[in-house]
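Below is one structure, written out as structure tokens; the observations come after it.
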Amino acid sequence: MSTNPSGAGPVAQTDTTAAVEIRNLTHRYGDRTALDAVNLTVQPGEIFGLLGPNGGGKTTLFRILSTQIEPAAGEAHVFGQAVHAQADAVRQVIGVVFQSPSLDRHLTVRENLLHQGHLYGLSGKVLRDRMAEALESVRLSDRTSDAVGRLSGGMQRRVEIAKALLHRPRLLLLDEPGTGLDPSARLNLREELAELRRSHGVTSLLTTHLMEEAEHCDRVAILHEGRVVAVGSPETLCREVGAEVVVLETDEPERLMEGLRARGHEGAQQLEQSVRLEVPADNDVDAARMLIEVVEAFTGMVKSARIGRPTLEDVFVHHTGAKL
């Protein structure tokens with residue numbers, strides 16, 4: 001595998017096969033549609049995020065890609081191999097980090113990795129070398145004798161990643177990896193994924209509901225009610241929303257929205273006790289001046305307001321009309 005010495009951006013690959021290729025993937029739980037004809041491509045070397053609320057379809061997609069469940073319809077391939085028709089082959093090229101801990105807290109780091117290695121048929125010097133390599137990748141080489149239960153949440157997540165790396169996967173699947181971690185531990189996680197890409201060409205696909213986590217991915221797919229509503233780099237997605245976003249807090253959101261639309265703000269969106277206005281990038285309107293005019297026109301209705309550059313949450317609102 002080729003590597004990118006800078007660690008920035010997807011690794012250049014000679015293999016043009018997509019890391020993940022999903023076509024018309026659909027899954028249902030009874031009468032509820034969890035995934036609705038999802039199409040998605042992840043390129044080799046990408047750090048790719050699936051962003052959305054609980055119940056949006058992220059975990060179902062994760063479970064399908066990790067060969068835990070079979071979709072009702074559609075296809076999913078990992079490096080050209082069908083996820084379910086060739087499940088055994090797929091398991092050899094994916095490493096899986098679940099949201100719920102899968103470690104034995106009473107065993108040491110080394111004992112947990114030994115057990116995982118044996119499940120993959122590894123033993124002897126090969127397993128010892130793989131363990132040393134995996135622990136070095138997550139910067140835990142000096143903690144092999146520590147009981148897992150004595151480690152911090154961030155370190156335990158790194159042990160989970162080390163487990164997933166023992167068989168040298170090409171694709172790392174992580175379900176909500178930042179949940180429960182403090183900001184420092186989330187930063188360490190991002191650095192480790194970037195290093196795995198740089199040193200081993202590992203592609204990472206992670207599910208998340210955390211804006212900060214998604215903003216550091218190369219590309220993001222936003223899922224809502226089982227559908228992909230937007231795909232692109234965080235920068236591109238935010239730029240498509242507009243230059244700035246104005247959020248007005250009010251006790252009368254419906255009345256304020258109707259008033260704004262009557263004054264020509266057709267794109268005004270109501271969100272609970274607030275109303276959003278998007279200022280297009282190609283528009284000569286000054287957001288601050290527009291805000292002053294709105295406050296003056298609707299005296300007493302606007303309790304507070306903010307102006308800012310669009311975030312991924314604004315992207316989600318733009319496409320769904322709902323908060324993440």
Please arrange Glu21, Glu212 by how many other C-beta atoms lie within 10 Å of their C-beta, fewest to most. Glu212, Glu21
Quick one: compute the contact order of the chain, relative version, from alpha carbon pairs under 8 angstrom and 6+ residues apart, as a percent. 20 percent
Can you tell me the orientation of helix 109-119 relative to the chain, as the angle in degrees between its alpha-carbon axis and the longest Cα principal axis, to the nearest 10? 80 degrees
Compute the signed sum of charges (Lys and Arg +1, Asp and Glu -1) over the other residues within less than 13 Å, Cβ to Cβ, of Asp142. +2
Cut-off is 10 Å between beta-carbons; in what order do Ile69, Ile64 appear when sorted fewest neighbours first? Ile69, Ile64
Roughly speaking, what is the centre-to-centre gap between the stretch 139-178 and the stretch 55-100 when only Cα atoms are used, to the nearest Å? 21 Å
Add +1 for every Lys or Arg and -1 for every Asp or Glu among the other residues with Cβ under 13 Å from the Cβ of Val109, and state the total. +2
Peptide ranges 296-307, 76-87 listed from the most packed, as the mean C-beta count within 10 angstrom indicates: 76-87, 296-307
If one compares the long axis through the Cα atoms of helix 287-297 with the longest principal axis of the Cα atoms of the chain, the angle in degrees, nearest 10, works out at 50 degrees
Orientation-averaged projected area, Cα convex hull of the chain (nm²): 19.6 nm²
Once you list every other residue whose beta carbon is under 10 Å from the beta carbon of Asp36, what net charge do they have if Lys and Arg are +1 and Asp and Glu are -1? +1
Rank these for me by crowding, Cys238, Cys217, going from fewest to most other beta carbons within 10 Å. Cys238, Cys217
Helix-derived mean residue ellipticity, 222 nm - over the chain, DSSP H n ≥ 4, -39500 (n - 2.57), to 500: -10500 deg cm²/dmol
Any idea what the relative contact order of the stretch 125-240 is, in percent, if you count C-alpha pairs under 8 Å spaced at least 6 apart? 20 percent
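Values in this text are rule-based calculations from the coordinates and carry no lab data. Since we're looking at a predicted model, the values are computed, not measured. Note that we place each Cβ from the backbone using ideal geometry, even for glycine, and neighbour counts take in every protein chain shown.
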